[in-house]
Structures are given as structure tokens and as C-alpha cells.
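Notes follow once the structure below has been shown.
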Amino acid sequence: MKEYFDKAIELAKLGIKNSEGGPFGAVIVKDNKIISYGNNKVLKEKDPTAHAEIITIRDACKRLNTYDLTGCIIYSTSEPCPMCLSAIIWSNIKEIYFATNRKEVAEIGFRDDMIYNYLENKKKIF
């Protein structure tokens, strides 16, 4: 497990260094082998959906030639946002491990908690 988190952290750092996006990386593993990995590329791609988990899921699907990632595990530097969590669920990944939670990323300026609050309480977000 440590090697997967180490890879995700390395990717997050590389993404920051290259000004690609936020400090996030993800790795997908199947049968104890890394299938795919990626980092946040929101800035580079000018795409608000280019989160590390989404990038990594898209790559895993291409590599495995399927939309169904049953049997895969995802490791992420942070608790997935609602969009990424939905993609993880839709891709049939049943195990998620993450290093930081949504409250911690809120402390550095990310708004995931705002979306979760909306979903949980139906509060207006704008």
C-alpha cells in the first residue's frame, strides 16, 4: 500500500511543479499491479473535470479496454470529491484509500466540503 501512496504523492508533486493543477495524485491497482496513474490536470487541460481520479480512471479504462474496473483499487492523495466519487462508483471500483480528508483540503482552499454540504443539507452553494 505504501508504494501506491508514494506514487500518488510523487504525481501530485510533479503536477504542482509543472503547474498542471492542484496537489492531487491517484493510482489504480489490480491484482497488486499498478494499472494506471495520474495527477490533477485542471489547469493544464483547462478542464474542471480533469481531477487526478478522473484522469486515472480514464487511463485505466483505455488500458484495460473496458468501462468496468471491477477488481481494481484506487489510492488517492485526498478524499475524492463528489464528482470523482461518482466516477469511482460508476466504474465499479469498490475500494478507495486516501491520505487526506475533505476538511483538510478545505483548509488549503479547495471547495469539496461545500459540495458535500450541499448534497447533505440541500443548502444553496451560490
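The values are calculated or read from the model by the stated rules, or taken from the named source; none is laboratory data. The model shown is predicted, which means the values in this text are computed figures rather than measured ones. All Cβ positions, glycine included, derive from the backbone under ideal geometry; neighbour counts span all protein chains shown. Remember, those area values only see protein heavy atoms, side chains included, never the ligands or the DNA or RNA. Shrake-Rupley method; radii C 1.70, N 1.55, O 1.52, S 1.80 Å.
Between segment 70-86 and segment 8-29, how far is it from one alpha carbon centroid to the other, in angstrom? Centre-to-centre distance over Cα atoms comes out at 14 Å.
Accessible area per residue for the chain in Å², computed with a 1.4 Å probe and the full protein assembly in place, what is it? Walk me through the numbers before you get to the answer.
Numbers: 7670 Å² over 126 residues.
Accessible area per residue, the chain: 61 Å².
A simple count of charges around N65, restricted to other residues whose Cβ falls under 15 Å of its Cβ and scoring Lys, Arg +1 and Asp, Glu -1, yields +2. Using +1 at the C-beta of Lys and Arg and -1 at the C-beta of Asp and Glu, which of C72, I55, L43 has the Cα lying farthest in the positive direction of the dipole of segment 12-75? Looking along the dipole axis, the top candidate is L43.
Using the Cα centre as the reference, give the magnitude of the dipole from point charges on the C-beta atoms of the chain (Lys, Arg: +1; Asp, Glu: -1; all else neutral), rounded to the nearest 20 debye. Numbers along the way, then the final one.
Details: 19 positive and 17 negative charges, 51 e Å.
For this selection, approximately 240 debye.
How much length is gained if the chain between R58 and Y118 is pulled fully straight, taking 0.36 nm per residue apart and subtracting their Cα-Cα distance, in nm to one decimal?
Details: separation 60, 0.36 × 60 = 21.60 nm, distance 2.69 nm.
Gain in length upon complete extension: 18.9 nm.
Stretching W90 away from S19 to a fully extended chain increases their span by 22.6 nm, per 0.36 nm per residue minus the current alpha-carbon distance.
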